[in-house]
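Engineer: One structure, pasted below without further comment.
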Amino acid sequence: MSNHQRLRQFITSFAALLDRESGEAGIIRAGSALLRELVAVDDWLPEAYAQPDPERYRQYLLHVDSAQRFSVVSFVWGPGQQTPVHDHTVWGLIGMLRGSEYSQSYRHQEGALLPHGEPIQLTPGMVEAVSPHVDGLDDIHRVRNAYDDKVSISIHVYGANIGAVHRSVYQPDGTRKAFISGYSNTTLPNIWDLSLETKTR
Ligand code: FE
């Protein structure tokens, strides 16, 4: 299978999943299985979407569904980089492709926003979910590269065009600040030129 085929097949399968499944728990269950397949092999992410930035973690958009039902993003962590505590407001799946990251959940408890449970360490092939609606999942977390000497990359899938979603980051004192993440890239990978793969000879 060529590199582009893997991502293309994932996108096609995910769209088909959303055509037949509308419940969030079902989408997370079946979507996690699809994402697990995608991150099981690390040979498909184009180099341009795997580049770290010394200043800040990068979020490269790989695909947005034409109806903005879902988006696929490559998160590239430079050594030691981390997110602020943030929410998503839609379901999200995180598949570890390369390296490792920690995700720490937060919950509102007694008027404060506090870490909930132990941080989860993701290693290549693992998939985690966030959701504001599904029992047992949290929507607020902080994610960081598990390494301070190498790059880590995870592939995220969200139930919206996540870069355009109005959401929040949280200060240590629990203060909420409006936030729209945007994307680091201005051009998308061209994974749709089938002529490169269907050449007859
Ligand atoms: Fe997140």
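The values are calculated or read from the model by the stated rules, or taken from the named source; none is laboratory data. Given the structure is predicted, the values throughout are model-derived calculations rather than measurements. Because the Cβ atoms are built from the backbone with ideal geometry, glycine has one as well, and the counts that use them run over all protein chains shown. The accessibility values were calculated without ligands, DNA or RNA, using every heavy atom of the protein model including side chains. Shrake-Rupley method; radii C 1.70, N 1.55, O 1.52, S 1.80 Å.
Engineer: Looking only at ASP139, ASP149, ASP43, which one moves most when the chain is put into a Gaussian network model with springs between Cα atoms under 10 Å?
Structural biologist: Ranking ASP139, ASP149, ASP43 by mean-square fluctuation puts ASP149 first.
Engineer: Ignoring everything except DSSP H segments at least 4 long, calculate the 222 nm mean residue ellipticity for the chain; use -39,500 (n - 2.57) per segment, divide by total residues, nearest 500.
Structural biologist: Working: 2 runs with 34 residues, N = 201.
Mean residue ellipticity, 222 nm, calculated: -5500 deg cm²/dmol.
Engineer: Another question, then. Using +1 on the beta carbon of Lys and Arg, -1 on that of Asp and Glu, and nothing else charged, what's the dipole of the chain about the Cα centre, debye to 20? Could you put the intermediate results ahead of the total?
Structural biologist: On the way: 18 positive and 23 negative charges, 78 e Å.
Here the size comes out at about 380 debye.
Engineer: Roughly how many percent of the accessible protein surface of the chain is carbon and sulfur, given a 1.4 Å probe and a whole-percent answer? Please list the in-between numbers first.
Structural biologist: Details: 4990 of 10200 Å².
Accessible surface attributable to carbon and sulfur in the chain totals 49 percent.
Engineer: Ranking request for peptides 152-159, 86-93, 99-106: highest mean number of other beta-carbon atoms within 10 Å first, then the rest in descending order.
Structural biologist: Details: 152-159: 24.8, 86-93: 21.6, 99-106: 19.6.
The packing order, highest mean first, is 152-159, 86-93, 99-106.
Engineer: Could you give the accessible area per residue of the chain, probe 1.4 Å, as a whole number in Å²? Numbers along the way, then the final one.
Structural biologist: Values: 10200 Å² over 201 residues.
With the other protein chains kept in place, the chain gives 51 Å² per residue.
Engineer: Shape verdict for segment 3-185, please, from the Cα gyration tensor: rounded (a/c under 1.5), prolate (a/b greater than b/c) or oblate. Walk me through the numbers before you get to the answer.
Structural biologist: On the way: a/c = 1.57, a/b = 1.17, b/c = 1.34.
Judged from the Cα gyration tensor, segment 3-185 comes out oblate (a/c at least 1.5, b/c at or above a/b).
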